[in-house]
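Engineer: My questions all concern the structure below.
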Amino acid sequence: MLLRSSKEIKSNLEEMIERQRPQDPILIAVAFWGKGAQELFPSEQKLRLLCNLAVGGTNPEVIQDFRKRKQCDVKHNSKLHAKIVITTAGAIVSSANFSASGLGIDDPEGGWHEIGVSIEPSESDYKQIISRFWELWCDTETAEVTLQDIEAARLAWDRRKYGVTPTTSKSIGFRGKMDESVFFKLGPIDPNHQNIRMASTELLQLYTSHDPNRREQEAAKIVGFAANVMWTAMGNEIETLISPKNRFFDVSDVIDRAKTIIGTKGIDSIWCFLDAISRSDDTPQVIANAAKTALEVYGGSKSN
């Protein structure tokens, strides 16, 4: 069936998503993505998503949102220019990127003049499109999206959109510039320590000075989460043993986990500790800077 506009493409896509069998993943190979496009797909939907992060045409925050979803696998290929979506209810091949202009997400009557075709599972082309998707997914130039890729995409996105490169903690990329041993005990993660990385001895000593009456086991939990908050606040990811993603992507991931382990009072203790070490002359500068960043950027999480 011919889809004569971005409005028809979007409408047909939404219908297919609604009819998708929940146990099967939707296969997506769409080069470029814009703000709000992730909302087309239910957060619990299984997805295999292939995009292009290389040229600044994809909003990296959209892809980062997909990466955080438990049921979504995300890869990228710098040569991808395809726009195909495959569901168990059918497939769409079109000219439209998943952007505001391509699908008219913000303005259904605006954007580019797009065209596409909708293909039923009974048609012979349906299986060929599935085959082509897996060829792209398994291509030697296709790779899983890492935080380093997201940071590079942020720079490309800002250069293309604004003509400048902003100097924010997330865009300049602290990954590789911060020493994990300052924040964490190195070595394998201890599953007996909430399945997250334990804080370094230096951070534990700082906490003991801040709250000497806290029980050792309770202090270790608070400082461990504090270390993960600082690390992610500076734009880094950190591995965990918490399935299925096995990592914290940002501060909200850490706080969500902390709520289940130490509760709201424990979270308050994290922020009080970060406030104390951010202002103390005895705190190493790199730790003080990370604590300040966490408080300035994510301080609103205290009340959540």
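Engineer: Looking at residue 78, is it in contact with a helix residue (DSSP H, G or I) (Cβ under 9 Å, 6 or more places away or on another chain), in the same structural domain as residue 128 (by TED's automatic domain parsing) and among the small types (Gly, Ala, Ser)?
Structural biologist: Values: in contact with a helix residue (DSSP H, G or I) (Cβ under 9 Å, 6 or more places away or on another chain): no; in the same structural domain as residue 128 (by TED's automatic domain parsing): yes; among the small types (Gly, Ala, Ser): yes.
No: the conditions fail for residue 78.
Engineer: Identify, by number, the condition in (1) in contact with a Ser or Thr (Cβ under 9 Å, 6 or more places away or on another chain); (2) modelled with pLDDT of 90 or more; (3) buried (at least 17 other Cβ atoms within 10 Å of the Cβ) that residue 151 doesn't meet.
Structural biologist: It fails just one condition, (2).
Engineer: Taking the range 115-148, which residues are exposed (fewer than 14 other Cβ atoms within 10 Å of the Cβ) and of a type in the set (Gly, Ala, Ser)?
Structural biologist: 122, 124, 131, 143, listed by residue number.
Engineer: Report those helices (runs of 4 or more DSSP H) wholly inside the range 176-242 carrying at least 3 residues which are in contact with a helix residue (DSSP H, G or I) (Cβ under 9 Å, 6 or more places away or on another chain), buried (at least 20 other Cβ atoms within 10 Å of the Cβ) and touching a residue at least 24 places away in the same chain (Cβ under 8 Å).
Structural biologist: Per the criteria, 201-210, 216-233.
Engineer: Criterion first (closer than 16 Å to residue 88 by Cα and in contact (Cβ under 8 Å) with a residue 60 or more places away in the chain) does residue 48 satisfy it?
Structural biologist: Working: closer than 16 Å to residue 88 by Cα: yes; in contact (Cβ under 8 Å) with a residue 60 or more places away in the chain: yes.
In short, yes.
Engineer: Can you pull out the residues in the range 205-248 that are in contact with a Gly (Cβ under 9 Å, 6 or more places away or on another chain) and among the aliphatic types (A, V, I, L, M)?
Structural biologist: Passing the criteria: only 222.
Engineer: Right, here's the next one. Identify the residue in the range 1-17 that is in a loop (DSSP other than H, G, I, E, B) and not hydrophobic (A, V, I, L, M, F, W, C) and, among all such residues, is surrounded by the most Cβ atoms within 10 Å (Cβ to Cβ).
Structural biologist: 5
The values are calculated or read from the model by the stated rules, or taken from the named source; none is laboratory data. Nothing here was measured: the structure is a model prediction, and the numbers come from that model. Every residue, glycine among them, receives a Cβ derived from its backbone with ideal geometry; neighbour counts consider all protein chains shown.
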